[in-house]
Amino acid sequence: MTKPEPRLLLALPIILISLLGVMYGYGLTYDPNKSPSRLIGKKIPVVNLPSLENTDIILNSTDFKKPALINVWASWCAACRAEHELLKQLSEEGVTIYGVDYQDDLENAKTYLKQQGNPFDAIMFDGAMASAMPLDIQSLPQTYLVDGNGIIRARYIGALTPNVWQKMQQNFN
């Protein structure tokens, strides 16, 4: 057996660090909203979860029968906190918003909404990530625009802004 070339051994760490740098650079430019959602144009998946307000009540995602937003959020999520004021504004304007409190602490979520205001018409509590696969949750926050027939028309991953909201509505009309 021959020994590896010493120059190759010296170059290996440099090659590995370079590859990691390229992967890191790609990660900084990756936009999850450019990858299509398998849910667009399909019915809302069935997700049965307890209500945040009363864990004895089970909410079913297919119960939502009018145009609405479904917002997946958590009290610990900085981007969720950033979009909260816009969600409250949309709620005041009459937009129906259903929340899915995802991978959160029940009491922290309740306290957060009590302190910051509650823009949601109903909130499903998903402390165990049961909705991850059905709702194709990639990161938080994540918002779906659903029509009156329960068909998902648009999805956005990240904090909603007025510009993003306008673009989502264009998919609805």
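The values are calculated or read from the model by the stated rules, or taken from the named source; none is laboratory data. Note that this is a predicted model, so its numbers are computed, not measured. Here the Cβ is made from the backbone with ideal geometry for all residues, glycine too, and neighbour counts use every protein chain on show.
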_Search result, residues across the range 153-173 that are in contact with a Lys or Arg (Cβ under 6 Å, 6 or more places away or on another chain) and surrounded by 13 or more Cβ atoms within 10 Å (Cβ to Cβ)_ = Asn171
_Exclusive hit being surrounded by fewer than 17 Cβ atoms within 10 Å (Cβ to Cβ) and in contact (Cβ under 8 Å) with a residue 24 or more places away in the chain, set Asp105, Asp126_ = Asp105
*Checking Tyr98 against (1) within 21 Å of Ile44 (Cα to Cα); (2) in contact with a strand residue (DSSP E or B) (Cβ under 8 Å, 6 or more places away or on another chain); (3) touching a residue at least 40 places away in the same chain (Cβ under 8 Å), which single condition isn't satisfied?*
(3)
_Between Ser51, Ser91, which is within 21 Å of Gln116 (Cα to Cα), in contact with a strand residue (DSSP E or B) (Cβ under 7 Å, 6 or more places away or on another chain), of a type in the set (S, T, N, Q) and at pLDDT below 90?_
Ser51
*Index of the failed condition, Leu135 passing every other in (1) touching a residue at least 40 places away in the same chain (Cβ under 8 Å); (2) crowded, with 19+ Cβ neighbours inside 10 Å; (3) more than 13 Å from the chain's Cα centre (by Cα)*: (3)
*Only one of (1) part of a loop (DSSP other than H, G, I, E, B); (2) at pLDDT 95 or above is not met by Asp56, so which one is it?*
(2)
*Give the residue that is modelled with the highest pLDDT, with candidates limited to residues of the range 1-43 that are under 30 Å from Asp147 (Cβ atoms) and part of a helix (DSSP H, G or I).*
Asn33
*Based on what the data block shows, is Asn149 surrounded by fewer than 20 Cβ atoms within 10 Å (Cβ to Cβ), assigned to a loop (DSSP other than H, G, I, E, B) and out of contact with any strand residue (DSSP E or B) (no Cβ under 7 Å at 6 or more places or on another chain)?*
yes
